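Here it is: the structure, laid out below.
The values are calculated or read from the model by the stated rules, or taken from the named source; none is laboratory data. This one's a predicted model, so the numbers in the text were calculated from it and none came from an experiment. Methodologically, a virtual Cβ is constructed for each residue, glycine included, from the backbone with ideal geometry; neighbour enumeration extends over all protein chains shown.
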Amino acid sequence: MALIEKTVVNKIEIVGDFKHVQVREDRQIVDDGTDEIKAQGNWHRYVLAPDDNLSGQPADVVAVANAVWTDEIKAAWTTHKENNG
């Protein structure tokens, strides 16, 4: 029996006027990569803004961000930050 720890993205949500991408990761401990044996609720959340660098993000997070962060959304976010700095 080999225990393996892995982190998987199990929820991606779009929130707010500026389409922030909220990501929930689940840290799992599995037996030989097949059976999950960890306790529920070992989650980590983070939020990405339209001007964040996406390098190092999982492919599905990048795909969602690229789909919702239009040029219009990016410009509106920049204007918002400038006006509310």
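Any residue in the stretch 30-52 that is of a type in the set (S, T, N, Q), modelled with pLDDT of 95 or more and in a loop (DSSP other than H, G, I, E, B)?
Taking every residue of the stretch 30-52 in turn, none turns out to be of a type in the set (S, T, N, Q), modelled with pLDDT of 95 or more and in a loop (DSSP other than H, G, I, E, B).
Which one of the conditions (1) at pLDDT below 95; (2) surrounded by fewer than 12 Cβ atoms within 10 Å (Cβ to Cβ) does N83 fail to meet, given that it meets all the rest?
(1)
For the stretch 58-85, enumerate the residues that are touching a residue at least 12 places away in the same chain (Cβ under 8 Å) and small (G, A, S).
A65, A76 - these are the residues of the stretch 58-85 that are touching a residue at least 12 places away in the same chain (Cβ under 8 Å) and small (G, A, S).
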